[in-house]
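**Q** Sharing a structure here in structure tokens format.
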Amino acid sequence: MTRWLDDDEQHAWRAFLAASQLVQEELDRQLQRDSGMPHAYYAVLVKLSEAPGRTLRMSELASEVNSSQSRLSHAVARLEERGWVRREPCAADKRVSWAVLTDEGFAVLAAAAPGHVEAVRQSLFDLLTPEQVIQLAGICDAVLRKPEA
């Protein structure tokens, strides 16, 4: 039996989809315009910048940025071409590759971050009350905790 959405759920679902798309598009547009990279590349650089030694296994990086391994491999190849990331083989396990944020990549990220943070503020947080920010975090945490099926 199908559990159809009631009017409140339907409104919430459609608003969530539209708001998510709007914010993602605004952030992608800002990063492309100001830093010449899509949001997906920025996310890779951020995750690597936060990792010990600015290095992560490719499989872990894919998980961290919610990407398939093939999509991440393509993104890292583009980042390598720009000199922002390099891949290194794992000496202990030939099946493993490491992604390493280069100094140039870190500098690009540092230059892009202020404009990106301002875009995040303008497209999301400036529109919310402090209470709504807390609610949003709680909602997102609940969705992310969803048990695997």
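Every number in this text was worked out from the coordinates using simple rules, so none of it is lab data. This structure is a prediction, so every number in the text was calculated from the model and none was measured. A quick note on method: Cβ atoms are made from the backbone with ideal geometry, for glycine too, and the neighbour counts reach across all protein chains shown.
**Q** What number does the chain give for Rg over Rh if you use C-alpha atoms and the Kirkwood radius?
**A** 1.04
**Q** Here's another thing I want to ask about it. If you stretched the chain out fully between Ala113 and Cys90, how much longer would it get, using 0.36 nm times the residue separation minus the C-alpha to C-alpha distance?
**A** Working it through step by step, the gained length comes to 5.3 nm.
**Q** Then there is this: Convert each backbone phi in the stretch 83-100 into a coupling constant with the Karplus relation 6.51 cos²θ - 1.76 cosθ + 1.60 (shift: θ = phi - 60°), then list the ³J(HN,Hα) values in order as whole Hz, x for Gly and Pro.
**A** x, 8, 9, 10, 9, 10, x, 8, 5, 7, 9, 5, 7, 9, 10, 9, 9, 10
**Q** Under the rule of at least 5 residues apart or a separate chain, name every residue whose amide H is placed under 5 Å from the amide H of Met37.
**A** Gln32
**Q** Which loop-located chymotrypsin sites (Phe, Trp or Tyr not before Pro) does the stretch 1-106 contain, where loop means any DSSP state but H, G, I, E or B and the Cβ has at most 11 other Cβ atoms within 10 Å?
**A** Trp4
**Q** Now a separate question. Might you report the magnitude of the Cβ-based charge dipole of the stretch 33-119 about its Cα centre, with Lys and Arg at +1 and Asp and Glu at -1, to the nearest 20 debye?
**A** Using only the charged Cβ atoms, the result is roughly 300 debye.
**Q** Assuming R0 = 41 Å, what is the FRET efficiency of Ala19 and Glu104, from their Cβ-Cβ distance, to the nearest 0.05?
**A** In this case the efficiency is close to 0.75.
**Q** Another question, then. For the stretch 21-147, with the dipole built from +1 on Lys and Arg beta-carbon atoms and -1 on Asp and Glu ones, taken about the Cα centre, which of Ile134, Pro89, Tyr41 lies farthest toward the positive end?
**A** Toward the positive end, the furthest listed residue is Pro89.
**Q** Using all C-alpha to C-alpha distances in the stretch 95-149, build P(r) with 10 Å bins and read off the rounded percent in each one.
**A** Answer for the stretch 95-149: a P(r) of 19, 25, 29, 25, 2 percent.
**Q** At 27 Å minimum axial length over the Cα atoms and a Kyte-Doolittle cut of -1.0, report the qualifying DSSP H helices in the chain, or say none.
**A** 103-123
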